[in-house]
1. Looking only at segment 346-395, how many residues end up being exposed (fewer than 14 other Cβ atoms within 10 Å of the Cβ) and of a type in the set (Phe, Trp, Tyr)?
2. Just a yes or no: is a residue in segment 291-302 of a type in the set (A, V, I, L, M) and surrounded by 22 or more Cβ atoms within 10 Å (Cβ to Cβ)?
3. Go through (1) in a loop (DSSP other than H, G, I, E, B); (2) open to solvent by less than 20 Å² (accessible area, probe 1.4 Å); (3) closer than 26 Å to LEU251 by Cα one by one and return the number of the condition VAL306 breaks.
4. What are the pairs, 6+ residues apart or on separate chains, where a residue within segment 268-289 that is more than 19 Å from VAL180 (Cα to Cα) has its Cβ under 6 Å from a residue that is charged (D, E, K, R) and at pLDDT 95 or above?
5. If you scan segment 318-336, which residues turn out to be open to solvent by 10 Å² or more (accessible area, probe 1.4 Å) and in contact with a helix residue (DSSP H, G or I) (Cβ under 7 Å, 6 or more places away or on another chain)?
6. So in segment 142-184, with the set limited to residues that are in a loop (DSSP other than H, G, I, E, B), open to solvent by 60 Å² or more (accessible area, probe 1.4 Å) and at pLDDT 95 or above, which one is farthest from SER236 (Cα to Cα)?
7. Out of curiosity, is ALA343 open to solvent by 40 Å² or more (accessible area, probe 1.4 Å) and aliphatic (A, V, I, L, M)?
Amino acid sequence: MRKNAETNPASARKTASAEASGPAETSASAKTSASAKKPTPGKKSASANESASANEAASAKEAASAKKPASRKQSAAARKPAPGKSAASATKSAPTRTKSAPIKKQAPAKKPAVAPKKATAAVKGVAPAKTVAPRTPRDESRTALVRRARRIDRELAEVYPYAHPELDFENPFQLVVATVLSAQTTDLRVNQTTPALFAKYPTPEDLAAADPEEVEEILRPTGFFRAKTRSVIGLSKALAEDFGGEVPGRLEDLVKLPGVGRKTAFVVLGNAFGRPGITVDTHFQRLVRRWQWTTETDPDKIEAAVGALFPKSDWTDLSHHVIWHGRRICHARKPACGACPIAPLCPAYGEGETDPEKAKKLLKYEKGGFPGQRLKPPRAYLDAGGKPALPLGAG
């Protein structure tokens, strides 16, 4: 042994290091040397690279397989409640998430307004016991429209049996002048103004020769007094020169007078001469469209459409009924729907106040316990409990 060590110093050093490192390192080095001896010359580097890549692929597969079960276990552990906690504690955590994002409640749907079955009781201050939905004229036939329109007129005739023209007059001349003055103002204001006018100018000849400034001063309370002065003086001259101081009783003659249109002409014909006519004023236009008798907006077309629904003999009284209802109950801005006698027949029910007590406070003139518009109303109106209006400046 000594001889070999001395003759081969390199092998002696290897033996010494192997003895010093112990058996583990000796076996590792032995394996390394054994594996190094196997490959053939010229293919050492290629086999080394292949073994390295194979080792890396194997290690990657092992790492992936190690991660998968771990992630599954972690997710399962996250879903499962921790030991020692009850199921109740697990359920408590769920509402916590819902509180952070509360669901908005939808507003309840608006209920359609329901018209009273018979609203004449509501006018007297008694709420109706039963209610029914108002009739809707959707897909209403022509026959059904005619029946509904005439029934509305009959109902209004019961409510306003004393309906009459609400302008004070004693002859056709006073009526035509008062009707011209009623534009853009109330009949009450006209009735309070005309007594002084007719006291000073009782005939067409007197008014035709009047001083315009003096007439303007009298008519000032009616508004637009300059234009109205020109109209009443002009029509008085036409009556004096062309018709012998008399108001004509034909439509084609009346509309030739200054300031006189079809509406004014029908007022005069119906109330001074007893000839039927439909008066299409602002109240009439508003109500017939609310009742869906017509969709027209032009006064002449409204007159033709509504006139076709009624006999000609009913036209004058129909005008009174509709206009009176528009002034007392079915107002432009806030109709008193809860006190309306024709609510079950009205497709526009609900546009105004539906509560009977609140609606009762909206009633005007005699329906609300107040005076009417005429200073000298007909006896039938007074007998029905109507109160005459106060003169200008009184009260």
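1. So the answer is 1.
2. Step one: of segment 291-302, the residues of a type in the set (A, V, I, L, M) are 302.
Remaining after also requiring surrounded by 22 or more Cβ atoms within 10 Å (Cβ to Cβ): none.
No, segment 291-302 has no match at all.
3. So the condition that VAL306 fails would be (1).
4. Close Cβ pairs satisfying both conditions: PRO276/LYS312.
5. Answer for segment 318-336, where residues must be open to solvent by 10 Å² or more (accessible area, probe 1.4 Å) and in contact with a helix residue (DSSP H, G or I) (Cβ under 7 Å, 6 or more places away or on another chain): HIS321, ILE323, ARG327, CYS330, ALA332.
6. So the first thing to find is which residues in segment 142-184 are in a loop (DSSP other than H, G, I, E, B), and the list is 160-171, 182-184.
Add one more test, that the residue is open to solvent by 60 Å² or more (accessible area, probe 1.4 Å), and what stays is 161, 170, 184.
Pick out the ones that are also at pLDDT 95 or above and you get 161, 170.
Working: PRO161: 34, GLU170: 16 Å.
It comes out as PRO161.
7. On the way: open to solvent by 40 Å² or more (accessible area, probe 1.4 Å): no; aliphatic (A, V, I, L, M): yes.
So ALA343 does not fit the description; no.
Conditions tested, residue by residue: (1) buried (at least 21 other Cβ atoms within 10 Å of the Cβ); (2) over 46 Å from the mean Cα position of the chain (by Cα); (3) within 26 Å of LEU269 (Cβ to Cβ); (4) among the aliphatic types (A, V, I, L, M).
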site	(1), (2), (3), (4)
ASN191	yes, no, yes, no
PRO195	no, no, yes, no
PRO202	no, yes, yes, no
GLU205	no, yes, yes, no
GLU214	no, yes, no, no
ARG226	no, no, no, no
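The values are calculated or read from the model by the stated rules, or taken from the named source; none is laboratory data. Since the structure is predicted, the reported quantities are computational estimates derived from the model, not experimental observations. Cβ: placed from backbone, ideal geometry, glycine included. Neighbour counts: every protein chain shown. Accessible surface areas use protein heavy atoms only, side chains included; no ligands, DNA or RNA. Shrake-Rupley method; radii C 1.70, N 1.55, O 1.52, S 1.80 Å.
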